[in-house]
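Some notes on the structure that comes next.
The values are calculated or read from the model by the stated rules, or taken from the named source; none is laboratory data. Everything numeric here is computed off the predicted structure, so don't read it as measured data. Because the Cβ atoms are built from the backbone with ideal geometry, glycine has one as well, and the counts that use them run over all protein chains shown. SASA here: full protein model, heavy atoms, side chains in, ligands and nucleic acids out. Shrake-Rupley method; radii C 1.70, N 1.55, O 1.52, S 1.80 Å.
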Amino acid sequence: MSRTTDRLLANPSPLLLDGRLTGGSGGTFETLNPATGEVLGSAADATAADMDRAIAAARRAFDESGWATDVALRVRCLRQLREALQRHADELREITIAEVGAPRFLTHGAQLDTPVDDLGWFADLAESYGWSQDLGRAEPMGMPSHRRVVREPVGVVGAITPWNFPHQINLAKLGPALAAGNTVVLKPAPDTPWCAAVLGTLIANETDFPAGVVNIVTSSDHGLGAQLVQDPRVDLVSFTGSTETGRAVMTSAAVTLKKVFLELGGKSAFVVLDDADLKAACSYAAFAGIAHAGQGCAINTRILVPRDRYEEAAEITAGTLRALGADDPHDEGTICGPVVSARQRDRIEGYLRLAVEEGGSFACGGGRPEGREQGFWIEPTLVTGLTNEARTAREEIFGPVLVMLPHDGDDDAVRIANDSPYGLSGSVYGTDLERARAVAARMRAGTISVNGGVWYGADVPFGGYKQSGLGREMGVAGFEEYLETKAIAEGI
Ligand code: NAD
């Protein structure tokens, strides 16, 4: 790792403030390897004064540089960033595995390679987008006018991100926000500063982004996120994180009436219909449910199976979870690695105790894996014997912990799936495709997979119903979140 950081990233890693790589006024803070608990290195610890400078730089770059109107420059810079990230993909992969505990196989997809590649999609979209629409002539109230509608960047975007898929989420904000012509202050989670600092380093050293267009502010202090939300110079807050923090963000943003875009938590349902191939469905639900130790907002953590096949379904699911196990994230075959921190492990263990208190049992797992004394680990776990009323079945656990619930047919499955404060994602598995589609259509969630279909991609809008969020990320809809609409009428 030290060779990696020597080549790509300074240790301590820097902030990117107004085009310069710099230390933080608060000194440094440590970043840990979740698989071992060891200190990997450290990152610049920004203070409120550093955040203030970052916001001022982004404001100035938006108001005074040509960034907001120069589509060709934006496209060039985004493509340069993509190429720089691809040039350093091997080093980035090792940093991601070490800092996030992400299993290597996922770095070939959503943890690294796919979001980097997707930057190109946003550059292409900016190039082909219809920035202006001619509505033609009309005579409203007898006054001849020629009307146009133009789309413009919103201004300064405050991007606040979590630790679970840092590249995916950081780039899913930077890509569309920058392609649309905004300037950005990115505040990543304190658990994964290096994944963000790498972006700052490459932007400063290997691209033509004008000073102040992108500012990256790592800090051990969550309060800097709150500062970004409150500052009147910030026009839009793009937030990904827990529903609880999202609520605080929305409340606080109301003071300056800024636009908020929220990607929040989930407790999504995987519905197995009674005509499904039970083995295929439950094996897939187990695999997808514990990838990256279940630390994905859209992971389907409630498995709904036909009541008369409940025991059989639990056996298949538990068997798959046991076979997958939790292993070293560096290994190509690992699906479930560590959880990110001692805090998250302790939180998950609290839910394991709660599951038992609520009358649940563990069909497998329920503790820490053997031989993993160092680092932060939880065994892949299946909880059985609960109803959808239990807190274990309703609250987001954010670990490799799945809950199996019985259903009494399609209507009941839809009812249980929708009986949640969340509405981020969901899955349906069944042999009769029309029937599976009908169930999918009734599920109140932003993304649905039918029979293992994968909805993830740059061109697919992603986001939540209900308390899973507001707005959409990715796709044309996601890009347009970062645009204002202006109507212009010329008297003729
Ligand atoms: P979190 O809400 O604790 O923190 C997210 C970010 O918000 C961090 O950068 C944090 O420093 C910052 N923050 C904390 N308090 C703040 C405040 N008062 N104002 C502004 N910013 C503040 O979430 P986390 O633990 O980092 O991430 C896990 C959560 O993220 C889970 O709930 C998960 O479902 C959710 N998530 C959602 C999506 C999605 O797209 N819907 C994707 C990934 C993760």
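At a glance:
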{"read-out": "Size of charge dipole - the chain - debye, nearest 20, with Cβ of Lys, Arg +1 and Asp, Glu -1, no other charges", "value": "1020"}
{"read-out": "Accessible surface of the chain, 1.4 Å probe, proportion on carbon and sulfur as whole %", "value": "50"}
{"read-out": "Exposure rank, largest accessible area first [Glu30, Glu370, Glu484; 1.4 Å]", "value": "Glu370, Glu30, Glu484"}
{"read-out": "Added length on full extension, which subtracts the Cα-Cα distance from 0.36 nm per residue, Lys486 to Glu139", "value": "123.0 nm"}
{"read-out": "Ranked packing of 432-441, 85-94, most packed first, by mean Cβ within 10 Å", "value": "85-94, 432-441"}
{"read-out": "Fully extended contour minus Cα-Cα distance, from Asp63 to Glu206, at 0.36 nm per residue", "value": "49.1 nm"}
{"read-out": "Above-threshold pairs, the threshold being 19 Å between Cα atoms, out of Lys187/Lys466; Lys267/Lys466; Lys187/Lys258", "value": "Lys187/Lys466"}
{"read-out": "Ser65 accessible area, 1.4 Å probe, all protein chains in place, Å² to nearest 10", "value": "40"}
{"read-out": "Using a Förster distance of 45 Å, the FRET efficiency for Thr36-Leu354 (Cβ separation, nearest 0.05)", "value": "0.95"}
{"read-out": "Sequence of Arg415, Arg148 from largest to smallest accessible area, 1.4 Å probe", "value": "Arg415, Arg148"}
{"read-out": "Over the chain, relative contact order from alpha-carbon pairs under 8 Å, at least 6 apart, %", "value": "18"}
{"read-out": "The chain: angle of helix 113-128 to the longest principal axis, Cα-based, in degrees nearest 10", "value": "40"}
{"read-out": "Overall form of the stretch 268-457 per C-alpha gyration tensor (a/c, 1.5; a/b vs b/c)", "value": "prolate"}
{"read-out": "Surface accessible to a 1.4 Å probe, per residue, for the residues of the chain, Å²", "value": "38"}
{"read-out": "Surface accessible to a 1.4 Å probe, Trp194 within the full protein complex, Å²", "value": "0"}
{"read-out": "Gain in span if fully extended, Trp131 to Arg435, counting 0.36 nm per residue against the direct Cα distance", "value": "105.3 nm"}
{"read-out": "For the stretch 333-428: rounded, prolate or oblate by the Cα gyration tensor [a/c cutoff 1.5]", "value": "prolate"}
{"read-out": "Longest to shortest principal axis, alpha-carbon extents of the chain, angstrom", "value": "72, 63, 39"}
{"read-out": "With all protein chains modelled, accessible area of Ser238 [1.4 Å, Å²]", "value": "0"}
{"read-out": "Within the stretch 96-133, backbone nitrogen closer than 18 Å to the virtual label 7 Å beyond the Cα of Gln374 toward Cβ", "value": "97-102"}
{"read-out": "DSSP-defined beta bridges in the chain - what % are antiparallel, rounded to 5", "value": "45"}
{"read-out": "Rg ratio (alpha-carbon, reference 2.2 N^0.38 Å) - the stretch 283-327", "value": "1.17"}
{"read-out": "Mean residue ellipticity (222 nm) of the chain, computed from DSSP H runs ≥ 4 via -39,500 (n - 2.57), nearest 500", "value": "-12000 deg cm²/dmol"}
